[in-house]
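A quick write-up on the structure given underneath.
The values are calculated or read from the model by the stated rules, or taken from the named source; none is laboratory data. As the structure is a prediction and not an experimental result, all values here were calculated from the model. Heads up, the Cβs are rebuilt from the backbone with ideal geometry, glycines too, and the neighbour counts pull from every protein chain shown. For the accessible areas, the whole protein counts, side chains as well, though only heavy atoms, and no ligand, DNA or RNA atoms are used. Shrake-Rupley method; radii C 1.70, N 1.55, O 1.52, S 1.80 Å.
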Amino acid sequence: MKRVVGILGLALVAAAARLTAQRPVLEHRSMSGPRLGLTYAFGPTADSVLREHNLQPVLSQFGWHFEQQVVPRGGGPEFVIEEVFLVGAVEQRTAIPSASFLMGIRMPSGFEFGLGPNLSPTGSALVIGIGKSINYGGVSLPVNFAFVRSPGAVRMTILVGYALETSQSVSR
C-alpha cells in the first residue's frame, strides 16, 4: 500500500511539474493614442441640459486613450482595460470633459467589446463599447462605438484614432 501511495505521489508531482511547464506565456502590452469623434446626445434630461447651455445635440470629441492588454502568446482573446479621456463640444465654444474606464475582451479578429463607468459633469453612467481594431505593423487603428445611458439621457459616440504598442513578456 505504501508503494502505491508513493507511486501516486510521484505521479502527481510529475503531473504538476508538467502543467507548470505548460503554463501559457503572456504578453502585457500598453497601448495609447489620440481619439476623435462625434457624440449624439438625446433624451429629456439631455435636451434640457443642451438647451440650458445653448448647445446642439451633436458634439465633437477629442481626447486620449490608454489601454493595457494581457495577450496569450499562443493566441486567443486579449483581456483589455481602457481609460478614455475626452473633451467634447469645442466647436460650440465650450469644453465638456468626460472619462470612461472599460474592461473587456478583444478577439483575434480585432472585434472588441467592454463596459464600465463613465463620468462627466452631468454625473456617472454606464458605458458599453464595441468596435474593431486593425493592427498595422504595431499600430492599432480602432473604430469604436460607445453607448452611454443615464437617467433621462442617452449618448451615442463614434471614435477613431490610433494607438502605438509597447510590450513586455510575462511568464506565469
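In segment 119-135 there is at least one residue matching the filter, namely being modelled with pLDDT under 95, out of contact with any strand residue (DSSP E or B) (no Cβ under 7 Å at 6 or more places or on another chain), open to solvent by 80 Å² or more (accessible area, probe 1.4 Å) and part of a strand (DSSP E or B). Could you tell me whether segment 72-85 includes any residue that is of a type in the set (A, V, I, L, M), open to solvent by less than 30 Å² (accessible area, probe 1.4 Å) and without any contact (Cβ under 8 Å) to a residue 60 or more places away in the chain? Yes, because at least one residue in segment 72-85 is of a type in the set (A, V, I, L, M), open to solvent by less than 30 Å² (accessible area, probe 1.4 Å) and without any contact (Cβ under 8 Å) to a residue 60 or more places away in the chain.
Can you name every residue in segment 51-71 that is aliphatic (A, V, I, L, M) and either within 23 Å of the chain's Cα centre (by Cα) or crowded, with 21+ Cβ neighbours inside 10 Å (or both)? It would help to see each step written out before you state the result.
Applying the first criterion (aliphatic (A, V, I, L, M)) to segment 51-71 yields 55, 58-59, 70-71.
Scanning segment 51-71 gives Leu59, Val70, Val71.
Do we have Ala99 as of a type in the set (Gly, Ala, Ser) and free of Cβ contacts under 8 Å to residues at least 24 places away in the same chain here? Spelling it out, Ala99 is indeed of a type in the set (Gly, Ala, Ser) and free of Cβ contacts under 8 Å to residues at least 24 places away in the same chain.
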